[in-house]
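K.L.:
My structure is below; once you've seen it, I'll send some questions.
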Amino acid sequence: MKNLKNNLSEKDTLINTNMGQWLKYERKKSYIEVGGKKKPITQSMVAKKLGVTFQQVQKYEKGDNTIPIFRWFALCDYFNVQPNTVKELVTSEEVINITETKTGDSNDNNDVYPKE
């Protein structure tokens, strides 16, 4: 069986990259309240919601793996975003740059907060 990843068109690869950028942006700007304090949403939290490992979420964010449609809808629901908004954003003809970096933001560290 051929490796599907190597058979993706440039446009499909671009969509994967843009979807990953969108996911990372939404995750980093989102917080949950735990014990009266705002905690950033980690890759582990997203993974638990999707039923995958945090490594899979990392691959989604890098654009290495395609996000299945049923997980994409689950992500839209999780982040309270309309799917059409995301569709327009990720099908852009170029790599989108929607991520914002914050100094000291360790939102990728999956072991900062205790597992629920």
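The values are calculated or read from the model by the stated rules, or taken from the named source; none is laboratory data. Fair warning: this is a prediction, and the values are worked out from it, not measured in the lab. Reconstructed Cβ throughout: ideal geometry from the backbone, glycine too, with neighbour counts over all protein chains shown. With ligands, DNA and RNA removed, areas are computed over all heavy atoms of the protein, side chains included. Shrake-Rupley method; radii C 1.70, N 1.55, O 1.52, S 1.80 Å.
K.L.:
Compute the signed sum of charges (Lys and Arg +1, Asp and Glu -1) over the other residues within less than 14 Å, Cβ to Cβ, of P83.
P.N.:
Numbers: positive: R71, K87; negative: E26, D77, E88.
Value of the local net charge: -1.
K.L.:
Using Cα-Cα distances under 8 Å and only pairs 6 or more residues apart, what relative contact order does the stretch 1-78 have, in percent?
P.N.:
So the answer I get is 32 percent.
K.L.:
Name the residues whose placed amide hydrogens come within less than 5 Å of the amide hydrogen of I32, ignoring near sequence neighbours (fewer than 5 apart) on the same chain.
P.N.:
Result for I32 returns K39, I41.
K.L.:
How much accessible area does I69 have with a 1.4 Å probe, in Å² rounded to the nearest 10?
P.N.:
About 100 Å², rounded to the nearest 10.
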